[in-house]
Amino acid sequence: MKPARHPLTILLSLGLTFVGCVFEDEGVTRVTISGSAVGAEADILRRQLEAFQEEHPDVRVEIRPTPDAADQRHQLYVQWLVARSPDPDILQLDVIWTAEFAAAGWILPLSSFDPPTDAFFDATIRANLWQDALYAVPWFVDVGMLYWRSDLLDSPPSSYGALLETARTRSERIPHGFVWQGARYEGLVVTFLEHLRAFGGRVLEPDGRVRVDSEEAVRALTFMRDAIYAHGAVPEAALTWQEEQTRLDFQSGRALFMRNWPYAYPLMQDSSASEVAGRFDVAPLPAGPGAEGASALGGAQLAVNAHSDEPAAAWRVVAFLTGPEQMLERARGAGQYPARRDLYDRPELADALPVDPERARSIIEAAVPRPVTPVYTQLSSILQIALHRVLTRQREPAPALREAADEMRALLERVELRPGASAERSDDAVPRASESDAARADAPAAIADPPAATTDAPAATTDPPAATTDAPAPTTDPPAPTAPVSPSPAAPGGGGRMGV
Amino acid sequence: MSDGGGTASRSAKLRRRERRTAWAMVLPAVGVVALVALFPLAWTAWESMHLHDLRMPWRGRPFVGLANYVELFSDSRFREAVGHTAFFVAVTVPLELGLGLVLALGLDQIRRGRGLARVLVLLPWAVPTAVAALVWRFMFEGEGGVANQLLLGVGLLGDPLVWFADSVMAWVPVLLADVWKMTPFVTLLLLAGLQNIPQALYEAARMDGAGGWQRFREITLPLLRPALLVTLLFRTLDALRVFDLVYVLTGGGPGTATEPLSLFAFDALLQGLRFGYGSAISMTVFLIAFLFALAYVRFLGHADLMERG
Amino acid sequence: MKGARRRLGLSVVVLLLAAAAFPLYWTVRSSLVSEASLFQHPSLLPSPLTLEHYRALFQVRRFWLPIRNSLVVAGATTLLSVTLGSVCAYALARLRFRGRALLLSFLLAVAMFPQISIVSPLYLLLREVGLIDSYPGLVMPYLTFAMPLTVWLLVGYFRQLPPDLEEAAYVDGAGRFRTFWEIILPLSLPGLATTAILTFLYSWNEFLFALSFTVGPERQTVPVAIALFRGRYQVPWGEILAGVVVATLPVALLVVMFQRGIVSGLTAGAVKG
């Protein structure tokens, strides 16, 4: 009987697979790294790992393929790490995940390996700090860019107003004016942040208070919505699009402008796939009525799994991949911007990047980091829903943002990351700071530099909020560094320019 | 069973032995089910009374009583999810029952090509739900999707629709996919019910001069009642827990306009890692389904459902 | 008059069947055209056809991995359910003892309850014992629906068997279990096969548990793997559809081969239940 034989063979193969899982090579350390499974990114990572293994024959590195969509990858990581899987040893993190993973105790502090933090862009390092310790090494930087059709226009628009006007009055042959990432995922938050920044608004105050219901935010979101429905500049379909759908639209010549990351540039210059090869250019994102334009700061970092069996070997891979030569290699192969500041003086980079390195550096240094907080994902998810509801005309901007802000406040309160909540809970041993002091000292602690007690294995500490009252503030709140703009919520000196 | 001339005490002994054997035979399977289903269910109830956030291990797992439920009932996303679930059930179940009945009546009539018809009916049902959802997503995707092309072709649409960016239209593929996939199941159950109706009844009615409609109303419907009600119960409980279809088709969007309860719970659990809160949602889903089942069983009468028991 | 109504009924049926078949046809058709023409000029009979997506599915996406996983998980679930379930079902069908009706309704209730309601404890439990992303970590949750289903179907089947034979054996002094093992089981092979096929189908199609308790391609089942194909790189519709066809093929074959048994199994389990 057929079905009866089935299970038997299956049971056998089940046993065999289990046995197969535990084999080990002698003398060779195996580590795994998460990464893209397809496309240019996968090719270059494979090449880089081969180079590494030639230098280090005692380590074998395997790629654990992960989805390319950020939200899906995040979901997968969370599942891996919550399950305490030792695999993969090395994780490619999005810039906004480090705090969350560090706070949860899922990735290792790297301080003992002595990473060369000074060589990197300041903002990229700060995004990876948790309680003074570095938890991930910046790998490459992503900044939002405005792609425009240089064969149809003389120059890129300098403001969102001008962009809208040009997009609105485009020729009929170009079906879409401006395309951006509008699906309900992290990319929508990024698109919104960039608009918001140009309108002079922000999601969180430097002191950690939620400000996403401000006038500016309502105006920015209204602008985005009207660009779709009132002006027909942005296609409604963009509300289901992530990065690649916008790229496909733009590269088939169907859009005048596109907001996207640098990875799209080399792909669209490939004339075998792209109809706009040689007919487009990139520019900084336009300014708005409230401020100059700024890109959201994105990019990838490498971190080591807290349950890795081979942390030392994993670190060697991380150090290799984040070294200067490999970063240049990545810039050449995938068009990704190095996270090391000094590389922008190297002539090789000028050949590898579409943008003049000096200009690229200033765009990066002016880029808006997203809040560094262990609850970023939840904050973002609240915002994503509100934004998508407005953009699909289910809600009006003002009430939707007000509700989102309330929810975000409630969330911050619930997780005891709000100034008030932690001050109340401060225990007797810690002298209570005066109201104003508490507010100032606490704020960055709440958002940028979360509770002190959580740094070292969270399990060990029972009363983290006590420590948050003042401990981290003096040490982790450096004065605004020398960079032209210091858009980090950790540095209140950034003032009105601080988008997020 | 023959009584073999034994005494009362012997038959009592036999009964006792039989009871022991019965329990020994039943226990492994029932034990497994209790272990993998009943025990976790109790755990969910217990978990739902705790604050348990896997993303913030330093907060521990304190007991919070009904706090999660209090939060739940003030959460507008939860209320909306309840509404979406109710809407989904209210639309798909009657549609499937109606279409299934029509198909069953039709199939009951035909003689040639029954095998082929049966395969055609069975196929959509056998396709994994998540996979079916992908099929429908593809048909409604983009401007060049076949749904848009068809509607443009017959002039029902002037411009292609972006189905998944519209809080109302996004329901169309969701509902259609469910009807497509589950109507076959309904059809088969009803067809079996129809074939249980003795042909003689119809003959008699015809001799009495009853018309087709009258025969349907007087014979078919009443005799089909048990099958209809059981199907209704199955479909309702199944539709209440809808997850795969929406997860793949719309992800609950746009915004959260198509998010049912199961997806909301999944999101709180495995995306938000809020196990306490997520368990409270899960418990609520369970209670709703349970109440429905109770109501149906009461309404049906035990007899229809449990005539074997 | 009568003929006209009959023709009307027939055409309604044909129409509905065509509607049922169209999505499947469209999927197969679209999996065979090039990526570029997927969303352009839809025609019922496209040309040229290409097997490119199928090649990519197996060579680039390693689609045999999820197929292997699904076979193992659904196979093991079926084997366990049918083994334990048939014994249980026999007792429930033929033996008299108190609590029988209660047990039956308990099993039915478990089969129908929302799976989401036990995802959280199962997750915590599997995590504690290190079984997230493992075969046992999927088979165990699958038993929650597979075991009741099996028992329910088999109770219906055993009840239909003529009682004479086993009574003879019973009177001959064979115990209940031996009767079951030597008389009933060999007689029930068709019923067992149908039950196994249905259980296998349900396990093959399961999504929520597989999505929750696996974390990577090593253990993902077919539905989960295809659903997560969507990525930053252009939604690879060609490969997704090829995957859909491949995922549906085994169940479609089972359906075609065992249609009669499946239908009677389904309806016996439901209607008479």
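The values are calculated or read from the model by the stated rules, or taken from the named source; none is laboratory data. Computed from a prediction, not measured in an experiment: that's the story for all the values here. Every residue, glycine among them, receives a Cβ derived from its backbone with ideal geometry; neighbour counts consider all protein chains shown.
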- prompt: Which one of these is among the hydroxyl-bearing types (Ser, Thr, Tyr) and within 18 Å of B:Ala132 (Cα to Cα): B:Thr220, B:Thr187, B:Thr231, B:Thr250?
  reply: B:Thr250
statement: Filtering segment A:53-72 down to residues that are more than 9 Å from chain C (Cβ to nearest Cβ), crowded, with 18+ Cβ neighbours inside 10 Å and part of a helix (DSSP H, G or I) yields A:Asp71
task: Filter segment A:254-267 down to residues that are within 17 Å of A:Asp68 (Cβ to Cβ) and aliphatic (A, V, I, L, M) and give me whichever is surrounded by the most Cβ atoms within 10 Å (Cβ to Cβ).
output: A:Ala264
message: Please go through segment A:73-97 and give me each residue that is among the polar types (S, T, N, Q) and assigned to a loop (DSSP other than H, G, I, E, B), ordered by number.
response: A:Ser85
- prompt: If you scan segment A:249-307, which residues turn out to be assigned to a loop (DSSP other than H, G, I, E, B), at pLDDT below 90 and of a type in the set (A, V, I, L, M, F, W, C)?
  reply: A:Ala273, A:Ala291, A:Ala294
Hits in segment A:357-383 - residues which are in a helix (DSSP H, G or I) and farther than 30 Å from B:Arg59 by Cα: A:Pro357, A:Glu358, A:Arg359, A:Ala360, A:Arg361, A:Ser362, A:Ile363, A:Ile364, A:Glu365, A:Ala366
- prompt: Only one of (1) at pLDDT below 90; (2) buried (at least 20 other Cβ atoms within 10 Å of the Cβ); (3) more than 12 Å from chain A (Cβ to nearest Cβ) is not met by C:Ala174, so which one is it?
  reply: (2)
- line: Taking segment C:155-171 and keeping residues closer than 18 Å to B:Ala29 by Cα and more than 10 Å from every other protein chain (Cβ to nearest Cβ) leaves C:Tyr157, C:Phe158
So C:Leu249, is it free of Cβ contacts under 8 Å to residues at least 60 places away in the same chain and within 13 Å of chain A (Cβ to nearest Cβ): no
message: For the structure I just gave you, tell me whether A:Gly232 is in a loop (DSSP other than H, G, I, E, B), surrounded by fewer than 24 Cβ atoms within 10 Å (Cβ to Cβ) and within 14 Å of another protein chain (Cβ to nearest Cβ).
response: yes
C:Tyr202 vs. criteria closer than 30 Å to B:Trp46 by Cα, hydroxyl-bearing (Ser, Thr, Tyr) and either surrounded by fewer than 21 Cβ atoms within 10 Å (Cβ to Cβ) or at the interface with another protein chain (Cβ under 7 Å from one of its Cβ atoms) (or both): yes
field: Options A:Ala102, A:Ala40: the member that is touching a strand residue (DSSP E or B) at 6+ places or on another chain (Cβ under 8 Å) and assigned to a helix (DSSP H, G or I)
entry: A:Ala102
query: Quick one: A:Arg359 ticks every box in (1) crowded, with 22+ Cβ neighbours inside 10 Å; (2) under 13 Å from A:Val143 (Cα atoms) bar one, so which box is it?
result: (1)
field: Candidate set: segment A:342-356, residues that are free of Cβ contacts under 8 Å to residues at least 24 places away in the same chain and in a helix (DSSP H, G or I); chosen: the one surrounded by the fewest Cβ atoms within 10 Å (Cβ to Cβ)
entry: A:Pro347
message: If a residue counts only when it is at the interface with chain B (Cβ under 10 Å from one of its Cβ atoms) and modelled with pLDDT of 85 or more, which helices (runs of 4 or more DSSP H) contained entirely in segment C:1-118 have at least 3 such residues?
response: C:2-30, C:64-94, C:100-112
field: Unmet criterion (only one of (1) basic (Lys, Arg); (2) buried (at least 24 other Cβ atoms within 10 Å of the Cβ); (3) within 14 Å of chain B (Cβ to nearest Cβ)) for A:Arg197
entry: (3)
- prompt: Can you tell me which residue in segment A:1-37 is nearest to C:Ala193 (Cα to Cα), limited to those that are at pLDDT 50 or above and either part of a helix (DSSP H, G or I) or within 9 Å of another protein chain (Cβ to nearest Cβ) (or both)?
  reply: A:Ala37
query: Residues in segment B:258-292 that are more than 7 Å from chain C (Cβ to nearest Cβ) and either modelled with pLDDT under 95 or in a helix (DSSP H, G or I) (or both): how many?
result: 19
Scan of segment B:39-56 for residues that are more than 12 Å from chain C (Cβ to nearest Cβ) and farther than 14 Å from A:Arg414 by Cα, ordered by number: B:Met49
field: Residue satisfying condition, being within 24 Å of A:Ala42 (Cβ to Cβ), in a helix (DSSP H, G or I) and under 19 Å from the mean Cα position of the chain (by Cα), within set C:Ile197, C:Ile226
entry: C:Ile226
statement: Checked segment B:81-136 for anything among the hydrophobic types (A, V, I, L, M, F, W, C), more than 10 Å from every other protein chain (Cβ to nearest Cβ), buried (at least 19 other Cβ atoms within 10 Å of the Cβ) and over 25 Å from C:Gly9 (Cβ atoms); matches are B:Ala81, B:Phe88, B:Val89
task: Would you check if there is a residue in segment A:82-102 being within 14 Å of another protein chain (Cβ to nearest Cβ) and free of Cβ contacts under 8 Å to residues at least 40 places away in the same chain?
output: yes
